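One structure is given here, and the rest of the page talks about it.
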Number of protein chains: 2
Amino acid sequence: MPKVDVRERILSENDRIAAENRKLFDDARLLVLNLISSPGSGKTTLLEETLGRLPRQVRTLVIEGDVSTERDLDRVRARGAGGIQINTAGGCHLSAKMVAEALTQLELEDADLLFIENVGNLICPSTYDLGEDAKVVLLATTEGDDKPMKYPAIFHEAALAVINKIDLLPHLQYDVGKVRNEIEVLNSGCEIFELSALRGDGMDAWLAWIDARMAEKRDR
Amino acid sequence: MPKVDVRERILSENDRIAAENRKLFDDARLLVLNLISSPGSGKTTLLEETLGRLPRQVRTLVIEGDVSTERDLDRVRARGAGGIQINTAGGCHLSAKMVAEALTQLELEDADLLFIENVGNLICPSTYDLGEDAKVVLLATTEGDDKPMKYPAIFHEAALAVINKIDLLPHLQYDVGKVRNEIEVLNSGCEIFELSALRGDGMDAWLAWIDARMAEKRDR
């Protein structure tokens, strides 16, 4: 772990570049969502199913962050989204600088919506602003119902929490109410959706949330 | 992300302290296992069930690493293990220094086995030696079967990979053979066990592995 002053310098430099990214996004009236979760909570499956259900006229881009491989980008490309992969070469989060470099290869003016799928990690991505409009945190029911209080930072930051894999609830001991309560205690402004990206339950509410956010961004 | 030279200085300082920890462990002939996984893969449940099944004469200690809360320590204490909590206050991994400080509060000479449950994170803990005899990586079947190649560093380091939550396989699309192949490609020396800590399947092989490792350490 770097000494505190090194860490603060890195974060302040990150914030400066994030502000530049945010200006580009705002000028293009592009809604940008930063998806954060543990490995295997279902970020890429949620993206695949979202891309398959968004109205055809919504022009969508994806930035895929991974430690290694281009597997996730291949999956979202198969659903017709334009996008780009950032391989962090072992790095545990995306930074505003990595995103800024990726943006030089994307046509922001031609798009309405940009998903940034962060590296699978519930801790480090929480503190790095990328210039996004909102952080969306995913939790899977299969991870157990004690996670918000154990990993509080991301719940402080997120505008929306998605509880995914609810199709598996009949096979698990998982108290959705407890998870909702913990999130509420950490951040009463955080909206919460329950869904199964794989089976489709709850996708309409998520799509409506995105639609309302895009309208806000367009009309600003 | 710190500049490379800062990161290298931190890692080399970490290695120095890890070597001191290792000497303490070796002098006490104590087997030390560093458990690493994503949040919610089942590290604490595996510990609970292991503590419940180990022969009574095996004297076991636990160091619990968490970003926040003492929930996991409460769970292992309920199974009779002595132990201590390290709260990293947001930090994404345990360091050798954090462990060294915890060790001053434990009676190593009176113990045979020490579990260090790392912070829930599949990336950052991989590169920090704590002085352990072996790193054990857990994967849950519910996280999807594409994880080893996406998070290769920990599989290079681990002596053992545990594929947990096999009780849920009937409800998932998960190719165990694919996961085994990917681990084999990354590290042919890594042993692999499939188990369900919750239901008990496969626990005997895991307990036998621990027993053999303890015997090696005792007789060294």
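The values are calculated or read from the model by the stated rules, or taken from the named source; none is laboratory data. What you see is a predicted model, and the numbers here were worked out from it, not measured in a lab. Cβ sites come from the backbone with ideal geometry, for glycine too, and all protein chains shown count toward neighbours. Note: areas computed on protein heavy atoms with side chains; ligands, DNA, RNA excluded. Shrake-Rupley method; radii C 1.70, N 1.55, O 1.52, S 1.80 Å.
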Percent of all alpha-carbon pairs of region A:1-91 at distances over 14 Å, whole number, is 74 percent
With Cα springs under 10 Å, the Gaussian network model of chain B assigns the largest mean-square fluctuation among B:GLY91, B:GLY65, B:GLY42 to B:GLY91
Partner aspartates and glutamates whose C-alpha sits under 13 Å from that of B:LYS150, ignoring same-chain residues fewer than 8 away, are A:GLU64, A:ASP66, A:GLU70, A:ASP72, B:GLU182
Rounded to the nearest 10 Å², the 1.4 Å probe accessible area of B:ARG77 is 120 Å²
For region B:6-218, the Cα-Cα pair-distance distribution in 5 Å bins from 0, as whole percents, is 1, 7, 16, 20, 21, 17, 11, 5, 1, 0
The correct pair for region B:102-156, radius of gyration to one decimal and Dmax as a whole number, both in Å and from Cα atoms, is 14.1, 41
Partner shielding of A:33-42, as the mean number of partner chain Cβ atoms within 10 Å, equals 5
Placing each pseudo-label 7 Å from Cα in the direction of the beta carbon, B:GLU70 and B:HIS156 end up separated by a distance in nanometres of 3.8 nm
Expected field for B:GLU48, accessible surface area in Å² at 1.4 Å probe radius, rounded to 10, holds 30 Å²
Order by accessible surface, 1.4 Å probe, largest leading, for residues B:LYS147, B:LYS97, B:LYS178 comes to B:LYS97, B:LYS178, B:LYS147
Toy charge model, Lys and Arg Cβ at +1, Asp and Glu Cβ at -1: the protein assembly as shown dipole around Cα centroid in debye, rounded to 20, equals 60 debye
Here the whole-number average of other chain Cβ atoms within 10 Å per Cβ of A:148-159 is 3
At R0 = 56 Å the Cβ-Cβ FRET efficiency linking B:ARG220 and A:GLN173, nearest 0.05, sits at 0.85
Cys in chain B lacking any partner Cβ under 4.7 Å -> B:CYS190
If labels are modelled 7 Å from Cα along the Cβ direction, A:GLU70 lies from its partners in the other copies at nm distances, smallest first, of 5.0
Here the convex hull volume per residue of the protein assembly as shown, taken over Cα atoms and given in Å³, is 137 Å³
With +1 at each Lys and Arg Cβ and -1 at each Asp and Glu Cβ, the charge dipole magnitude of region A:6-218 around its Cα centre, to the nearest 20 debye, comes out at 100 debye
Computed about the Cα centre, the charge dipole of region B:89-165 from +1 Lys/Arg and -1 Asp/Glu charges at the Cβ has a magnitude in debye, to the nearest 20, of 480 debye
Ignoring ligands and nucleic acids, B:HIS156 exposes an accessible area, probe 1.4 Å, in Å² to the nearest 10, of 110 Å²
Once the dipole of region A:106-159 is set up from charges on Cβ (+1 Lys and Arg, -1 Asp and Glu), the residue from the list A:MET149, A:GLY131, A:VAL119 lying farthest towards its positive end is A:MET149
Sorted list, accessible surface of protein heavy atoms, 1.4 Å probe, largest first, for B:THR104, B:THR69, B:THR127 is B:THR104, B:THR127, B:THR69
